[in-house]
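Asks: Dumping the structure here so I can ask a few things about it.
The values are calculated or read from the model by the stated rules, or taken from the named source; none is laboratory data. Since the structure is predicted, the reported quantities are computational estimates derived from the model, not experimental observations. In this analysis, Cβ positions are derived from the backbone assuming ideal geometry, glycine residues included, and neighbour counts consider all displayed protein chains.
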Amino acid sequence: MDNGSTDGTPENVRGSFPWVEVIENGRNLGFPGGNNVGIRESLSLGAEFVILLNNDTVVDKDFARELLQAAGRDKTIGMATSKIYMYDRPEEIWFAGGDFSTWTGRSRHAGFGEADRGQFDNVAEIGRPCACSLLVTRGFLADVGILNEDLFLYGEEIDWALRARGKGYQCVLAPRSRVWHKWASGTGGAQSGNYLYYSVRNMLRVLNTHAKIGFFPLNALRNFLVVAGFAASVFTMNVEKGNGLRNVWHGARDYMRGVSGPRRRETEMTDRI
């Protein structure tokens, strides 16, 4: 675990790593928008592989090499994701593969909270990637496309996974690529209202775009189950219950209104509630 780090401002990055090209966007484009700038630039320079890496991570020195080796095993592998650990509990797993339900929109992280005893040490296909540390291939990007910028935050990996399935691409876990993650620091903490808002809104959008059920009553039931599942999760989280439920409702409401991109300020919406 390499703890060498620097303040993430462009000036400090340039000062500490003068060989790194820094692209300044001038405004917050969200997770997909910001990453797409780098993806497009990488492809324009001829890259065959692109690695997405959260800014709240610490990486093992060989994490990139291991991602490349895992992705090179098969041409149908379009995505390879690292084994990710808790930053504050470095031997505890946060993500070692996972899957998700197109009925409830809920994801499962394999190994979450477990000590790493080698139980996830094989390169294996997984149901969903984790964009915290994720390699994608040039062929995958050409066929499946870049990240969906309308989502702004959360749900991007599920969107990519569903699009990849339709194109015949695999996602694999690269277990020897190791990353330590400060979970959800970009939204004020794992239990924040923003996390719930974006998760509900974007999951409804992704599922109804890429996994829509043709029979309307069943599709409506699925939408209800997604919202109900997130509402129920509020009572298991360290979040003020009223605030959590409001954010679940606001996410569902904004999905129904067709809202995309960054969250609007609640003060701008009070006259519509």
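Asks: Considering only strands (runs of 3 or more DSSP E) fully contained in the stretch 79-154, which possess at least 3 residues that are within 28 Å of L43 (Cα to Cα) and at pLDDT 95 or above? Write out each step before concluding.
Replies: Numbers: elements: 93-95, 98-100, 107-109, 133-137.
Here the list reads 133-137.
Asks: When both residues are 6+ apart or on different chains and their Cβ atoms are under 6 Å apart, which pairs have a first residue that lies in the stretch 238-249 and is polar (S, T, N, Q), and a second that is surrounded by 17 or more Cβ atoms within 10 Å (Cβ to Cβ) and part of a helix (DSSP H, G or I)?
Replies: N243/G193; N247/G193; N247/L196; N247/Y197
Asks: Which of the following residues is outside any loop (DSSP other than H, G, I, E, B), over 29 Å from N28 (Cα atoms) and free of Cβ contacts under 8 Å to residues at least 12 places away in the same chain: R165, R176?
Replies: Numbers: R176 fails: free of Cβ contacts under 8 Å to residues at least 12 places away in the same chain.
Only one candidate passes the filter, namely R165.
Asks: Quick check on my filter: what residues within the stretch 121-152 are under 10 Å from the mean Cα position of the chain (by Cα) and more than 16 Å from S107 (Cα to Cα)?
Replies: Applying the first criterion (under 10 Å from the mean Cα position of the chain (by Cα)) to the stretch 121-152 yields 128-134.
If the condition is that a residue be under 10 Å from the mean Cα position of the chain (by Cα) and more than 16 Å from S107 (Cα to Cα), then S133, L134 are the ones that fit.
Asks: Would a scan of the stretch 183-191 turn up a residue that is surrounded by 17 or more Cβ atoms within 10 Å (Cβ to Cβ) and at pLDDT 95 or above?
Replies: No, the conditions are met nowhere in the stretch 183-191.
Asks: How many of the residues making up the stretch 50-93 are touching a helix residue (DSSP H, G or I) at 6+ places or on another chain (Cβ under 6 Å) and surrounded by fewer than 18 Cβ atoms within 10 Å (Cβ to Cβ)?
Replies: Looking only at that region, the number is 1.
Asks: Something else now. Name every residue in the stretch 96-123 that is out of contact with any Asp or Glu (no Cβ under 8 Å at 6 or more places or on another chain), at positive phi and loosely packed, with under 13 Cβ neighbours inside 10 Å, in order of residue number.
Replies: Listed by number, the list holds a single entry, G118.
Asks: Still on this model: Does E11 count as of a type in the set (D, E, K, R), more than 26 Å from R205 (Cα to Cα) and surrounded by 18 or more Cβ atoms within 10 Å (Cβ to Cβ)?
Replies: Values: of a type in the set (D, E, K, R): yes; more than 26 Å from R205 (Cα to Cα): yes; surrounded by 18 or more Cβ atoms within 10 Å (Cβ to Cβ): no.
Answer is no for this residue.
Asks: Pick from L245, L221: which is at pLDDT 95 or above and farther than 15 Å from Y195 by Cα? Don't jump to the end; show me each part of the working.
Replies: Values: L245 fails: farther than 15 Å from Y195 by Cα.
So the residue among L245, L221 that is at pLDDT 95 or above and farther than 15 Å from Y195 by Cα is L221.
Asks: Please find, among A220, A211, the residue that is surrounded by fewer than 19 Cβ atoms within 10 Å (Cβ to Cβ) and touching a residue at least 24 places away in the same chain (Cβ under 8 Å).
Replies: Answer to the check: A211.
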